[in-house]
Amino acid sequence: MWLKLITWLTLLQLLAGALSQEFKIFGGKTESVRNYPFLVNLRQGSKFACGGALIAPSCVVTAAHCLGDRGENVNELYVNAQQDCLNGSIPDAYVRQAWYACVAPQYKPSEFDADLAVIKLRQPFYTSDIINTIAVDFNEPPEGASMRIVGWGMTSDVGQDLGQCLQSADVSVVPRDQCNRQMSFISPITNNMFCALGPNKIDSCSGDSGGPILYKGRPVGVVSWGNHCGSGLPGVYTRFSSSAMMWFLQNFIETHCLDKI
Ligand code: 4AZ
């Protein structure tokens, strides 16, 4: 009798565990933004929109879909640096307004292809140990390589947390043909994308978009799209190492970001 009860209780516990796992994106690690001096969050007005990375004192890389289909939503776009939680206070010195943005010319919103944009800020950030730039990495992350995702996106597939604090998790590259088989029911995996997934379905989620995916501490892509999150399917990232994305980014940086301050 007791043995039966205990067996049932254990089974129930396992089931509950599996269900809660289903809707968890990150491994649940709250992260200090101090460990990521280049990490920013984007605001439309005061409303949190996306993640981003400071690749030069006056330039932020993000996903194109964060800025509307043609990068048009920059009038009220602000960039917040060094904010741990989305509702936390932030000094003026850590906020910049967008000036203009450039979306990758290959961007196709209907297929999420080439989901990449760079924002030019009205004023550069003063860089220090606290707020600093990061050089992007145009090399291909090797298959199976461990990469870090960071963001203020949802920690479950339901609801939204306006006070979300920065989360991080480790994911690894999913082979392209496997990912294409798994994801082509939504859209094909193009040359401008790569896929990643962590153990226990660890994944990026809505709100993590535009934030960097880091290999050895440097961005190799940005969070782009997926089938919700925590579904067990890979997350899809814009791939800096594709020739089109590399050309777009390098060209923008050379032309717009090398300001002398
Ligand atoms: C989103 O909606 C989104 N699991 C971003 C990333 C992923 C799914 C959805 C990847 O912005």
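Carbon and sulfur atoms: what percent of the 1.4 Å accessible area of the chain do they account for?
So the carbon and sulfur contribution to the accessible surface is 55 percent.
In terms of the ratio Rg/(2.2 N^0.38 Å) built on C-alpha atoms, what value belongs to the chain?
Computed over Cα atoms of the chain, the ratio equals 1.04.
Order the following by accessible area, largest value first: L162, L233. Probe radius 1.4 Å; ligands, DNA and RNA are ignored.
Per-residue accessible area, sorted high to low, gives L162, L233.
Taking the Cα centre of the chain as the origin, how large is its charge dipole in debye, to the nearest 20, when only Lys and Arg (+1) and Asp and Glu (-1) carry charge on their Cβ atoms?
The calculation lands at about 200 debye.
For A145 and D84, what is the calculated FRET efficiency with R₀ set at 30 Å and r taken between the beta-carbons, to the nearest 0.05?
Computed FRET efficiency for A145 and D84: 0.65.
Once you list every other residue whose beta carbon is under 13 Å from the beta carbon of H65, what net charge do they have if Lys and Arg are +1 and Asp and Glu are -1?
Within the 13 Å Cβ shell, the charges total -4.
Sorted from largest down, what three extents in whole angstroms do the Cα atoms of the stretch 162-261 have along their principal axes?
Principal extents (Cα only, largest first): 45, 35, 25 Å.
Would you list Y107, Y100 from the most to the least accessible area, probe 1.4 Å?
Y100, Y107
What does the accessible area of W152 come to, in Å² to the nearest 10, when a probe of 1.4 Å is used?
W152 has an accessible surface of roughly 10 Å² with all protein chains in place.
Only Cα pairs within less than 10 Å get springs; with that Gaussian network setup on the chain, which residue of R218, R181, R148 has the largest fluctuation?
R181
Per-residue accessible area for T255 at 1.4 Å probe radius, Å² rounded to 10?
90
With a probe of 1.4 Å, find how much accessible area the chain has per residue, and write the answer as a whole number in Å².
48
The values are calculated or read from the model by the stated rules, or taken from the named source; none is laboratory data. Note that the coordinates shown come from a computational prediction; the quantities given were computed from them, not determined experimentally. Please note: Cβ atoms are built from the backbone with ideal geometry, for glycine as well, and neighbour counts cover all protein chains shown. Just so you know, the surface numbers come from the protein's heavy atoms only, side chains and all, with ligands and any DNA or RNA stripped out. Shrake-Rupley method; radii C 1.70, N 1.55, O 1.52, S 1.80 Å.
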